[in-house]
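Working notes, beginning with the structure itself.
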Amino acid sequence: MSATTTHALSTSIVVVGLNAALQKRFILPPNTNLEPGNVHRAHNSETGVGGKGQDVGVAMSCLMSKEKQPRDDKVLLAQFLGMGPEGDAVSGALRLRRGLSDKLTIRNAAPLRTCTTIVGKDCATELVETSGEVTEEELKQLGQKVESLVNDGGHASGLCIMGSMPPGCGDNTYAQLSEKMVGKDTLVLIDSVIGLDALLKTLKTCFESDDREGGAVLKLNAAELCKLAGADKSEAEKVTIEELTAATSGFLKKYDCASSALDYLCVTDGKFPGYLVEVPKESTTENKINFIQLPAIDISKQVKGGMLYPIGAGDTVAAGTLAAWQYLHHEPKAGDDNFFGVVPKQVGSILSSVKSNWLSDASSDEKSIKMATSFAFGLSCGSASCLQQENSVFDVDDAVRYFSEMDSPIIQ
């Protein structure tokens, strides 16, 4: 690995993944599926990194590894890793194998949980342990580490809020950490509904400045959005525009700060097309909510042995979306090789090209097309990760191919 370079926090993405895990993969013999009540012997077993925030860090490390570059501090994981062998294994994998800094890691006293994936012939089953409790002192230590980095290097370039929190963390924990790290130019991606009301209120305050350049998006799947709005939707069925419109309206009524705190909803829908939903900035009727439909990606021809590995794919979508958004937001000028972010130069030039092509074909504004391009790249990364057994690991060339082959989005 090349010599490390320290970056100011203002050029770093901070991933808040408080509920880390050691990931075990129990792989059944060929042509075997899990049968409850039976004894199963492993054909193979593997250990690795688990937890939604940690998955984002792993996925971003895949992007950064595409080019030789100093990686330390470009992505910082704010996390609790329990003491003991499980925590040691995850810490080592993130630092040594993935090149990720541990500046915002707290080695708390409670043991790290283990998540076990049982991989069968055509499906995978996930077993998730309960998390150990985080103490008030350990929470305080994390807050102090964050404050120290902010004092030295300014607000974060990007912030990614991922998943659940371990016991001991209050519902306002994400809001309190965000208040420290988010400035008027920070890009925020939220992939969690825990403490969402408090978080949105904090972001509203952070983005009150008239000259703000940053923004926030909430990534969730269509079924989650419908549930938040009080409606039911099966994850096996394709969401309709009518359902999306009703769910978005219901969500905005439930979370009255959402229209001020969020710019977009990034809505995934499994194997079906994804949607970028523009969050209206004032009271609106339902027919004024704008949608950009992004094409579905068919990876069936790429599957080896008929098996897909979707665990962690949603986290990879989040990673790819925020990394691409950071690049397009600070898009380097032609000939400038010194971009500070996660996306390597070759991938960045493809992002810029696709964005320009889509902008020339669309009736939407540049800000929305930038976000649609970013989300489309994230969806491509998530699809590519389904081809790999290890959570959120993907071949960047696969992601770039899916992304480059996408049709233009449909403005609705």
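Determine which member of the set Asp185, Asp191 is open to solvent by 10 Å² or more (accessible area, probe 1.4 Å), under 18 Å from the mean Cα position of the chain (by Cα) and charged (D, E, K, R).
Asp191
If we scan the range 98-105, do we find a residue that is of a type in the set (Lys, Arg), surrounded by fewer than 18 Cβ atoms within 10 Å (Cβ to Cβ) and within 28 Å of Pro344 (Cα to Cα)? Full working, then the answer.
First, the residues of the range 98-105 that are of a type in the set (Lys, Arg): 98, 103.
From the residues that got through so far, the ones that are surrounded by fewer than 18 Cβ atoms within 10 Å (Cβ to Cβ) too are none.
Checked against the condition, which is being of a type in the set (Lys, Arg), surrounded by fewer than 18 Cβ atoms within 10 Å (Cβ to Cβ) and within 28 Å of Pro344 (Cα to Cα), the range 98-105 yields no hits at all.
Scan the range 230-245 for residues that are closer than 18 Å to Gly274 by Cβ and either open to solvent by less than 40 Å² (accessible area, probe 1.4 Å) or over 21 Å from the mean Cα position of the chain (by Cα) (or both) and jot them down.
Residues of the range 230-245 closer than 18 Å to Gly274 by Cβ: 233-245.
Within the range 230-245, Lys233, Ser234, Ala236, Glu237, Lys238, Val239, Thr240, Ile241, Glu242, Glu243, Leu244, Thr245 qualify.
Output the number of the condition that Cys160 fails; it satisfies all remaining conditions of (1) open to solvent by less than 40 Å² (accessible area, probe 1.4 Å); (2) touching a helix residue (DSSP H, G or I) at 6+ places or on another chain (Cβ under 9 Å); (3) at pLDDT below 95.
The one condition Cys160 does not meet is (3).
Applying the selection to the range 99-144, what residues are at pLDDT below 90, of a type in the set (A, V, I, L, M, F, W, C) and part of a loop (DSSP other than H, G, I, E, B)?
Cys123
To keep it simple, each residue is scored yes or no on (1) open to solvent by less than 20 Å² (accessible area, probe 1.4 Å); (2) under 28 Å from Ile289 (Cβ atoms); (3) in a helix (DSSP H, G or I).
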| residue | (1), (2), (3) |
| --- | --- |
| Val317 | yes, yes, yes |
| Gly320 | yes, yes, yes |
| Ile350 | no, no, yes |
| Ser360 | no, yes, yes |
| Lys367 | no, yes, yes |
| Leu379 | no, yes, yes |
| Gly382 | yes, yes, yes |
| Leu387 | no, no, no |
| Ser392 | yes, no, no |
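Of all residues in the range 331-348 being open to solvent by 10 Å² or more (accessible area, probe 1.4 Å) and touching a residue at least 24 places away in the same chain (Cβ under 8 Å), which is farthest from Ala296 (Cα to Cα)?
Narrowing the range 331-348 to residues open to solvent by 10 Å² or more (accessible area, probe 1.4 Å): 331-340, 345-346.
From what is left, the residues that are touching a residue at least 24 places away in the same chain (Cβ under 8 Å) are 340, 345-346.
Working: Phe340: 31, Lys345: 26, Gln346: 24 Å.
Applying the filter and picking the extreme gives Phe340.
Tally up the residues in the range 164-182 that are open to solvent by 10 Å² or more (accessible area, probe 1.4 Å) and either in contact with an Asp or Glu (Cβ under 7 Å, 6 or more places away or on another chain) or assigned to a strand (DSSP E or B) (or both), please.
Adding up the residues that qualify gives 3.
Scanning for something within 25 Å of Ala384 (Cβ to Cβ), open to solvent by 40 Å² or more (accessible area, probe 1.4 Å) and more than 21 Å from the chain's Cα centre (by Cα), does the range 76-89 turn up at least one residue? Working first, answer last.
Taking the range 76-89 as the starting set, the residues that turn out to be within 25 Å of Ala384 (Cβ to Cβ) are 76-77, 79.
Adding the requirement that they be open to solvent by 40 Å² or more (accessible area, probe 1.4 Å) leaves none.
No, the range 76-89 contains no residue that is within 25 Å of Ala384 (Cβ to Cβ), open to solvent by 40 Å² or more (accessible area, probe 1.4 Å) and more than 21 Å from the chain's Cα centre (by Cα).
For Asp315, which of the numbered conditions (1) at pLDDT below 95; (2) in contact with an Asp or Glu (Cβ under 6 Å, 6 or more places away or on another chain) fails to hold?
(1) is the only condition that Asp315 fails.
If you scan the range 215-229, which residues turn out to be in contact (Cβ under 8 Å) with a residue 60 or more places away in the chain and open to solvent by less than 20 Å² (accessible area, probe 1.4 Å)? Reasoning before the result, please.
Within the range 215-229, the first condition is being in contact (Cβ under 8 Å) with a residue 60 or more places away in the chain, and the residues that meet it are 217, 219, 221.
Answer for the range 215-229, where residues must be in contact (Cβ under 8 Å) with a residue 60 or more places away in the chain and open to solvent by less than 20 Å² (accessible area, probe 1.4 Å): Val217, Lys219.
Based on what the data block shows, is Cys123 more than 19 Å from the chain's Cα centre (by Cα) and buried (at least 21 other Cβ atoms within 10 Å of the Cβ)?
Numbers: more than 19 Å from the chain's Cα centre (by Cα): yes; buried (at least 21 other Cβ atoms within 10 Å of the Cβ): no.
In short, no.
Taking the residues in the range 394-412 that are over 15 Å from Ala296 (Cβ atoms) and among the β-branched types (Val, Ile, Thr) as candidates, determine which candidate is least open to solvent (accessible area, probe 1.4 Å).
Among residues in the range 394-412 that are over 15 Å from Ala296 (Cβ atoms) and among the β-branched types (Val, Ile, Thr), the one least open to solvent (accessible area, probe 1.4 Å) is Val396.
Could you tell me whether Thr125 is hydroxyl-bearing (Ser, Thr, Tyr) and farther than 30 Å from Asn44 by Cβ? Talk me through it step by step, then tell me what you get.
Values: hydroxyl-bearing (Ser, Thr, Tyr): yes; farther than 30 Å from Asn44 by Cβ: no.
No: the conditions fail for Thr125.
Having 1 or more residues that are among the aromatic types (Phe, Trp, Tyr), at pLDDT 95 or above and within 27 Å of Gly382 (Cα to Cα) is the bar; report the strands (runs of 3 or more DSSP E) wholly within the range 185-289 that clear it. Talk me through it step by step, then tell me what you get.
Numbers: elements: 187-191, 215-221, 264-268, 274-278.
Filter on the range 185-289 gives 264-268, 274-278.
How many residues are among the aliphatic types (A, V, I, L, M) and over 28 Å from Met162 (Cα atoms) if we restrict to the range 392-412? Spell out how you get there, then give the answer.
Pass one, the range 392-412, residues among the aliphatic types (A, V, I, L, M): 393, 396, 399-400, 406, 410-411.
This time we only want the ones that are over 28 Å from Met162 (Cα atoms), so: 410-411.
So the count comes out to 2.
Among the aromatic types (Phe, Trp, Tyr) and more than 22 Å from the chain's Cα centre (by Cα): is that true of Trp358 in this structure? Quick ask: steps written out before the conclusion?
Numbers: among the aromatic types (Phe, Trp, Tyr): yes; more than 22 Å from the chain's Cα centre (by Cα): yes.
Against the criterion (among the aromatic types (Phe, Trp, Tyr) and more than 22 Å from the chain's Cα centre (by Cα)), Trp358 qualifies.
Please list, ordered by first then second residue, the pairs with beta carbon atoms under 6 Å, 6 or more apart or interchain, first in the range 27-41 and farther than 16 Å from Gln389 by Cα, second part of a strand (DSSP E or B) and open to solvent by less than 90 Å² (accessible area, probe 1.4 Å).
Filtered contacts from the range 27-41: Leu34/Ile118; Leu34/Thr125.
The values are calculated or read from the model by the stated rules, or taken from the named source; none is laboratory data. Model, not experiment: these values are computed from the prediction. Backbone-built Cβ (ideal geometry, glycine too); neighbour counts: all protein chains shown. Heavy atoms of the whole protein, side chains included, go into the accessibility calculation; ligands, DNA and RNA do not. Shrake-Rupley method; radii C 1.70, N 1.55, O 1.52, S 1.80 Å.
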